[in-house]
Every structure is written in structure tokens, then in C-alpha cells.
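Comments concern the structure below.
The values are calculated or read from the model by the stated rules, or taken from the named source; none is laboratory data. The model shown is predicted, which means the values in this text are computed figures rather than measured ones. Because the Cβ atoms are built from the backbone with ideal geometry, glycine has one as well, and the counts that use them run over all protein chains shown. Surface areas here come from the heavy atoms of the whole protein model, side chains and all, with no ligands, DNA or RNA. Shrake-Rupley method; radii C 1.70, N 1.55, O 1.52, S 1.80 Å.
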Amino acid sequence: MYNYNTDQLQELDLKHYLHPFTNYKKLAEEGSRIITRAEGIYLWDSDGNRYLDAMAGLWCVNVGYGRPEIADAVSEQIRELPFYNSFFKTANPPAVELSRLVCSLAPAHMNHVFFTGSGSEANDTVVRMVRHYWASEGQPDRKVIISRENAYHGSTVAAASLGGMKPMHAQGGLPIPDIEHIGQPYWYQEGGDLTPEAFGEKIADELEEKILALGANKVAAFIAEPIQGAGGVIIPPSTYWPRIQEICARYDVLIVADEVICGFGRTGKWFGCDYFDIKADLMPIAKGLSSGYLPIGGVLVSDRVATGLIEKGGEFNHGFTYSGHPVAAAAAIANLNILMDEGIVDRVDKVIGPYTAEKWQPLTEHPLVGEARIIGLIGAIELVKDKDTRQFFADRGEVGTICRDICIENGLVMRAVEDTMIMSPPLCISEGEIDDLVGLLTRCLDLTAEKVL
Ligand SMILES: *Cc1c(COP(=O)(O)O)cnc(C)c1O
């Protein structure tokens with residue numbers, strides 16, 4: 001398709017295409033890698049090179065590439081009804097069915113969903129929905145949303161404000177007002193001499209300090225990813241979420257669990273909230289909802305919040321042209337049916353997750369690796385200078401970038417967050433493919449060590 005060779009594609013790309021999260025000058029020097037097709041867990045570029053995609057696209061292709069069931073569902077729906085909106089008292093069958101299906105998979109107290117086109121839009125919806133909810137409840141001063149440093153909640157103005165990425169805030173005057181940030185539960189980097197458990201409680205207690213400093217009657221919600229994804233697959237200590245929930249309950253602060261990565265099987269449970277036993281009031285979803293085949297996201301809403309909105313909220317002056325898009329919804333339904341019919345989530349929990357963990361943990365024996373952590377099929381390794389003192393290399397991010405580039409040269413797509421190498425492969429990955437992934441990674445770690453040690 002599109003009758004261009006690699007050189008022509010790269011040239012046109014440079015001429016016209018501004019990529020997301022890209023340094024344009026650097027891209028111009030190096031040129032783009034053009035991905036042309038994919039199957040299962042593998043990608044191919046325009047020169048015919050094959051890559052094992054250990055990132056599932058961008059944490060989203062949970063069922064793997066090339067699923068004919070989704071292609072068929074999309075093709076059928078696009079012929080039947082390619083678009084209609086859900087404004088003005090209308091709905092369409094795929095959007096209705098998807099709302100039923102998603103709520104049937106969600107925790108029992110979540111029975112409503114608001115659809116969006118992406119995870120960022122889901123988090124924008126969260127900002128407006130929690131403030132509207134509290135105003136409807138007669139507490140319009142509850143506006144502040146507390147988030148965490150180094151969180152990722154998307155890239156629109158509100159979502160990037162909720163996020164705690166400094167380089168994002170530095171562009172465009174963010175965060176917007178009434179968004180506050182506390183520390184992250186990143187024991188490996190910031191735990192010092194504390195045990196992970198003690199550190200988890202200490203960081204969670206920052207939430208209480210922040211609530212008290214602001215005044216509890218000003219705080220609408222706390223938002224967090226059950227496991228921080230883009231921040232570096234940061235798995236919180238076991239003490240963290242129980243303490244956070246205690247604090248939110250004490251001050252009646254809503255809990256927003258951003259399930260955009262953790263949702264739909266990544267942890268071996270349907271949602272990160274199921275894994276960590278979090279009772280959330282709102283759960284933004286996207287990515288694995290459609291395995292990325294078409295763009296769709298949403299916000300799952302608890303009975304408490306939904307009842308408030310329905311009974312006291314009046315009109316919710318918010319929505320997107322593509323909210324409940326029938327074709328995207330059809331793709332999501334087909335995707336969820338694959339996850340259910342093939343028992344993929346349970347297999348992550350009981351079979352392939354434990355198998356992967358068994359291969360992942362021994363990576364700590366490598367001279368570069370200070371820690372290897374994993375839950376389900378989301379994992380990370382820390383590349384460090386000194387394992388005993390958990391000391392990173394002086395030029396933070398350099399070794400990670402070297403390792404990431406070596407991985408790609410060797411046909412393995414992984415991501416580096418500074419010096420943390422992260423992976424999040426398709427959930428349909430086989431035991432043999434996990435062996436290939438870990439084997440390739442080990443070789444790339446050796447090559448990295450040759451360069452930097
Ligand atoms: C990717 C991501 C988002 C943003 O989703 P988009 O579809 O890219 O807008 C939000 N939250 C988390 C946790 C994410 O990983």
C-alpha cells in the first residue's frame with residue numbers, strides 16, 4: 001500500500017509530519033523507522049526487518065496484532081453505521097453493548113461508563129466530572145485534584161496537568177490551577193534507607209499532609225495509576241495503596257484509578273484495582289479496551305458518583321463528537337470477546353505471568369541490573385552503576401538510551417525511562433516468545449555493558 005520506498009517515506013515524513021513526543025532536529029538527522037505490518041507479537045519495518053514488540057505498541061495491543069475477528073467486526077459496523085453521535089438523547093447498538101460489557105467486567109460497584117476517544121480525553125473528563133459531582137453535592141469548593149510527581153495521565157492540557165512530568169509542565173504553562181502533586185512510591189530510586197514497606201507508608205502520608213494543608217473541604221479527588229507506567233513501571237510497595245485508601249476515606253476524597261495501562265489484563269486481573277484491592281470512584285480506561293485497533297477510551301463511574309450526577313447534576317455540559325463511536329465500540333467489543341473467549345487474563349495471572357517472572361527475576365544477576373520487578377506482564381529492570389547502594393550512572397538516562405538503541409538494532413522493541421528498561425508485551429505472548437524476549441534482552445544487556453562498564 002502507498003507506493004513509496006523507505007527513502008521516499010522518510011523524506012516525506014520529514015517534510016510534513018510532526019510526530020508526537022519527538023525532538024524534530026534529532027529526527028531530521030536520523031530519519032524515521034517506518035513500520036509497515038505486524039502479526040502476533042512481531043512488527044516489520046519498511047526494509048523487512050523484524051522486531052519483537054515487547055511494548056505492545058504503546059502498552060495497548062493486549063490481544064496481539066492481526067486479529068481477524070476485530071477486522072471483521074469493524075468492517076461490518078462501518079458498512080452498517082460508520083458514525084452517529086450520542087448527544088441529544090441518541091445511542092447506537094455497539095456503544096450500548098460495550099457499556100454493558102465493560103461494566104460487567106468492572107468491579108461490582110461500577111455500573112456506568114462515559115466514552116471518549118482516548119485516555120487523555122478520559123482524564124479531561126475526570127477533571128470536569130469530579131468538580132461537577134462535588135458542585136452538585138453542594139460542595140463547589142471541592143475542586144483540587146491531587147496527583148503525583150512523575151505520573152502520566154495523558155497529553156491534553158488537563159491530562160498533562162494531572163500528570164507529574166516536569167518536561168511536559170515546562171511547555172505551555174502547566175499545570176492548570178487546582179491541581180497539586182505529591183511524591184511517588186518509587187522505592188528503588190527514592191527509598192533511601194527505609195524498607196519498601198516503610199517508604200510506601202511515608203509517601204502515602206504525603207497525601208494526608210497535602211489534604212490538611214489545602215483543607216479537606218477543598219479536595220475533590222486523588223488520581224493515580226495503580227502501577228505507574230510511563231514513569232518507569234513503578235510498582236508501589238504493598239503498604240502504599242491500603243494507606244492511600246484509608247486517607248481518602250478519612251477525608252471523603254474520591255479515588256480515581258487511572259487504568260489506561262493496568263486495565264484489561266495487564267496485571268493478570270481485569271483491572272489494576274482488582275490486583276491491589278482498590279475501591280475507586282472513577283476509572284479512566286483506554287489502550288487495552290480496544291487493544292489499540294481503533295481509538296477509544298472512557299471513564300468507568302461508581303454507583304455513588306453516577307447516582308449523584310443523575311439525580312442532582314442536571315445537564316453534564318461535556319462530550320466528544322466521537323464519544324461512543326460505533327466502529328470503535330465494535331472493535332472494543334470484539335477485542336474484549338477475544339480476551340474473554342481465550343481466557344487471556346486468567347492465563348496472564350496463572351500461567352504466562354508466573355512463567356515470565358521466573359525468567360525476569362534472574363536478570364538481577366547481570367552486572368548492570370540492580371532490580372528486576374514485574375507483575376503480570378508489565379515489568380522493568382534498573383540499570384545501575386552500583387547495585388549495593390542503588391546508585392545510578394552519573395549521566396542519568398545515557399545508559400538507558402544506549403541499551404534501548406541496542407535493543408532496537410537487535411530486533412527488540414523496549415522502552416527506556418532514563419535508565420529503567422521497561423516492557424509490556426502483548427498478553428497473548430507464548431512461553432517460547434518470552435524465552436526469545438529475555439534471551440534477546442540479555443544479549444543486549446551484555447552489549448550495553450561492553451560499552452559502558
Ligand atoms: C497512555 C496513557 C494515558 C493517555 O492515553 P492517550 O490515549 O494517549 O490519550 C493516560 N493515562 C495513562 C496511565 C496512560 O498510560
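For this structure, a couple of remarks:
- Near the amide H of D258, within less than 5 Å, lie the amide hydrogens of A224, E225, all on another chain or at least 5 residues away, with H placed in the peptide plane.
- Protection proxy ranking for 64-73, 236-245, using the average of other Cβ atoms within 10 Å per residue and placing the highest first: 236-245, 64-73.
- Of the DSSP H helices in the chain, those whose Cα atoms cover at least 27 Å axially and whose Kyte score averages -0.5 or more: 196-214, 431-452
- Cα pair distances exceeding 17 angstrom across region 400-453, given as percent: 32
- HN-Hα J in Hz across region 41-48 - Karplus 6.51, -1.76, 1.60, θ = phi - 60°, x for Gly and Pro: 10, 10, 10, 10, 9, 5, 9, x
- The distance between label points at I34 and K451 comes to 2.6 nm (points 7 Å beyond Cα on the Cα→Cβ vector).
- The fraction of Cα-Cα pairs per 5 angstrom bin, counted from 0 for region 150-292, comes to 2, 10, 18, 22, 22, 16, 7, 2, 0 percent, rounded to whole percents.
- Per-peptide average of other Cβ atoms within 10 Å, ordering 155-167, 26-38 highest first: 155-167, 26-38
- Protein accessible area in region 69-341, 1.4 Å probe - carbon and sulfur %: 53
- Using only alpha carbons, region 355-443 has a radius of gyration to Kirkwood radius ratio (Rg to Rh) of 0.95.
- Dimensionless Rg ratio for the chain, taking C-alpha atoms and the 2.2 N^0.38 Å reference: 0.97
- DSSP assigns beta bridges within the chain; of those with both partners inside it, close to 70 percent run antiparallel.
- Ordering of 10-17, 285-292, 247-254 by packing [mean C-beta count within 10 Å, highest first]: 285-292, 247-254, 10-17
- Probing with 1.4 Å while keeping every protein chain in the model, the per residue accessible area of region 69-341 equals 39 Å².
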